[in-house]
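Q: One structure, pasted below without further comment.
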Amino acid sequence: MPKISQEERHQYFERIKPYKDATEAILARERSILSLMQKDPNGIAYKKLTLADEMLNLASYYLVMNGISQSVLGVKNEEPLNEARKALYKSIIYLEEVVTNFIDVPYFDYAEKLKELDGLNAERRYALIRKLGLAIQLVEDAYGDNTKWKWAFVELEGRFATVAKNIFDLKNAVSNFDPRSPDYEISVYHMRTIKRLLMQAADRYREKYELSTNRIDDFKQAINYLGALKRIHILLGERDEAETVKKKQDIWSAKLDADQKKKESPIISKK
């Protein structure tokens, strides 16, 4: 680690001051909105979407502060990176509170919650998801490959895939997927993103299981994401794609059962 002079340290703090002020302003706005929500429950869903967006802005400022550290001091600064990571979690939590964190369930199970977002058009929904995806990627890149948070990001990515799916307007999907609809292109892009994220979440949880935790819960979560993807394909009438995912899900489920039996067999033999 390079030795940092007092002058470099001073220069760093001077450079980050406007960004630090900006983060404090965002946190003050968050407290203000939360206070307002307690007094007035009307429009809570939209207020939470605003908070989710604000947390992404917050993360971006922390990323800039880390970039300045690398430029001025020649070192990665874990402190703003950790704050950026926490801001991403807060953003996702605010979204989950609006659209739920349900993974492999029928749309009917969370449709009631989404009624609050009836006035939110397809473009705004997709814009927020794109912004969240970019923020997650930038934070992961800033940490680098050799980080202790490598496997923790699997959960973050999975929860991102879930809210990306749940915020999509399935109620108006038929009309929005009509090429004559003004929301056609946006809806297609959003759905492609959902499918990619669900498959990625499944693969990443399987990877986490195999290479890190060996926890059955991680493997089950991987299979849940395959189930969610299969459900989307069926809903859209994509039979071949649904069958492909089902085959993968069946193979993984058989592997899970076999692994569970292996884990249980030593316990049984001891008895």
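The numbers here are math on the coordinates, done by the rules we state, and not lab data. What you see is a predicted model, and the numbers here were worked out from it, not measured in a lab. Note that each Cβ is placed from the backbone with ideal geometry, even for glycine, and that neighbours are counted across all protein chains shown.
Q: Compute the distribution of all C-alpha to C-alpha distances in the chain, in bins of 5 Å from 0, and list the percent of pairs in each, rounded to whole numbers.
A: All Cα pairs, binned at 5 Å, distribute as 1, 5, 11, 13, 15, 14, 12, 10, 8, 5, 3, 2, 0, 0 percent.
Q: Which length gain, in nm to one decimal place, applies between K247 and K220 when the Cα-Cα distance is subtracted from 0.36 nm times their residue separation?
A: Details: separation 27, 0.36 × 27 = 9.72 nm, distance 1.57 nm.
Separation in residues times 0.36 nm, less the Cα-Cα distance, equals 8.1 nm.
Q: Within a Cβ distance under 14 Å of I216, other residues only, what is the Lys/Arg minus Asp/Glu net charge? Let's see the in-between values first.
A: Working: positive: R206, K208, R215, K220, K255, K261, K262, K263; negative: E210, D217, D218, D257, D259, E264.
Summing Lys/Arg as +1 and Asp/Glu as -1 gives +2.
Q: Quick check: pseudo-label points 7 Å beyond the Cα along Cα→Cβ at E78 and E97, how many nm apart are they?
A: Here the answer is 3.0 nm between the modelled labels.
Q: What is the gain in length, in nm to one decimal, between E207 and D109 on full extension, counting 0.36 nm per residue of separation less the C-alpha to C-alpha distance?
A: Values: separation 98, 0.36 × 98 = 35.28 nm, distance 2.92 nm.
That pair, E207 and D109, stretches by 32.4 nm at full extension.
Q: In addition: How about K150: which aspartates and glutamates have a C-alpha closer than 12 Å to its C-alpha, ignoring those fewer than 8 places off in the same chain?
A: List returned: E140, D141, E207.
Q: Continuing with this model, one more query. With label points built 7 Å along Cα→Cβ from the Cα atoms of K171 and L27, find their separation and express it in nm.
A: Placing both labels 7 Å along Cα→Cβ, they lie 3.8 nm apart.
Q: How large is ³J(HN,Hα) for each residue in the stretch 138-144, as worked out from phi by the Karplus curve 6.51 cos²θ - 1.76 cosθ + 1.60 (θ = phi - 60°), to whole Hz, x for Gly and Pro?
A: 5, 5, 4, 5, 5, 5, x
Q: State the volume of the convex hull built on the alpha-carbon positions of the stretch 146-271, expressed per residue in Å³ and rounded to an integer.
A: 122 Å³
Q: I'm a student and want to see the number: the projected area of the Cα convex hull of the stretch 65-197, averaged over all directions, in nm².
A: Mean projected area of the Cα convex hull: 9.2 nm².
Q: Okay, next question. Filter the cross-link list K165/K208; K47/K246; K131/K171 down to pairs whose alpha-carbon distance in this structure exceeds 31 Å. Show your work: numbers first, answer last.
A: On the way: K165/K208 22 Å; K47/K246 38 Å; K131/K171 23 Å.
In this structure, K47/K246 lie more than 31 Å apart at Cα.
Q: Would you calculate a helix-derived [θ] at 222 nm for the chain, using -39,500 (n - 2.57) for each DSSP H run of n ≥ 4 and dividing by the full residue count, to the nearest 500?
A: Details: 10 runs with 210 residues, N = 271.
Helix contribution divided over all residues of the chain: -27000 deg cm²/dmol.
Q: Taking the stretch 160-227 as the region of interest, what is the percent of Cα-Cα pairs per 10 angstrom bin, listed from the shortest bin to the one with the maximum distance?
A: Spelled out per bin, shortest first, that is 22, 38, 24, 13, 4.
Q: Can you compute the FRET efficiency between Q260 and E123 using 1/(1 + (r/R0)^6), with r the Cβ-Cβ distance and R0 = 30 Å? Round to the nearest 0.05. It would help to have the intermediate numbers written out before the result.
A: On the way: r = 45 Å, r/R0 = 1.49.
Taking R0 as 30 Å, the efficiency between Q260 and E123 is 0.10.
Q: Rounded to the nearest 0.05, what FRET efficiency do Q11 and Q137 give with R0 = 51 Å and r taken as the Cβ-Cβ distance? Could you check?
A: Values: r = 29 Å, r/R0 = 0.57.
According to the calculation, E is roughly 0.95.
Q: Could I ask something else about it? Given the options V154, V188, V139, state which has the largest fluctuation in a GNM of the chain using a 10 Å cut-off (strictly under) for Cα springs.
A: V188
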